[in-house]
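Shown next, in structure tokens, is the structure this report addresses.
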């Protein structure tokens, strides 16, 4: 009986999570969706299983007539040189007051059913829409994006610091190689 109690006790300890020490994730105040459209280069990301073997990632956004956004993500397959991986999705704005909170759905089956959807919150955005930082409210996803394949070290560090202030695990960030 003591063994069972000890096992249950330690199991509960390993499952317990402390209180979130950070306030809720904050987005930018407003995004002009039309200006956000176009090509973005991934500068860094928190590792994601769906991006395994991906390097030099690009995201291309196109506004649809129905107000949603076509999303095309491309990357070089680092295990198979010369091969390009591509994934397509549809995004929709879920907070029309800011346009900074979107839901992205990959692998759409039929019109309203999706196998994978995720939060896409715009956390930082350059005044000229030259860089962006995107993440999720649970802090499990984070991307630093740029309109150009590289950004300055100072801009990168500034974005990392802002992500850290919002409670993201920035020590896990992986820099993306540049397209070759």
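The values are calculated or read from the model by the stated rules, or taken from the named source; none is laboratory data. What you see is a predicted model, and the numbers here were worked out from it, not measured in a lab. Because the Cβ atoms are built from the backbone with ideal geometry, glycine has one as well, and the counts that use them run over all protein chains shown.
Conditions (1) closer than 20 Å to residue 26 by Cβ; (2) out of contact with any strand residue (DSSP E or B) (no Cβ under 8 Å at 6 or more places or on another chain); (3) free of Cβ contacts under 8 Å to residues at least 24 places away in the same chain, marked per residue:
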site	(1), (2), (3)
83	no, no, yes
118	yes, no, yes
122	yes, no, no
139	yes, yes, no
142	yes, no, no
152	no, yes, yes
164	yes, yes, yes
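Test residue 42 against the criterion of being at pLDDT 95 or above and outside any strand (DSSP E or B), and give yes or no. Spelling it out, it is not the case that residue 42 is at pLDDT 95 or above and outside any strand (DSSP E or B). Which of the residues spanning the stretch 59-83 are farther than 21 Å from residue 117 by Cβ and surrounded by 13 or more Cβ atoms within 10 Å (Cβ to Cβ)? Matches in the stretch 59-83: 76, 77, 78. When residue 34 is tested against the conditions (1) closer than 18 Å to residue 123 by Cα; (2) part of a strand (DSSP E or B), the lone failure is (2). Condition check for residue 149 on (1) buried (at least 20 other Cβ atoms within 10 Å of the Cβ); (2) under 30 Å from residue 82 (Cβ atoms): one failure, at (1). Residue pairs whose Cβ atoms lie under 7 Å apart, sitting 6 or more positions apart in sequence or on different chains, and linking a residue in the stretch 85-99 that is in contact (Cβ under 8 Å) with a residue 24 or more places away in the chain and at positive phi to a partner that is surrounded by 14 or more Cβ atoms within 10 Å (Cβ to Cβ) and outside any loop (DSSP other than H, G, I, E, B), are 99/33; 99/93.
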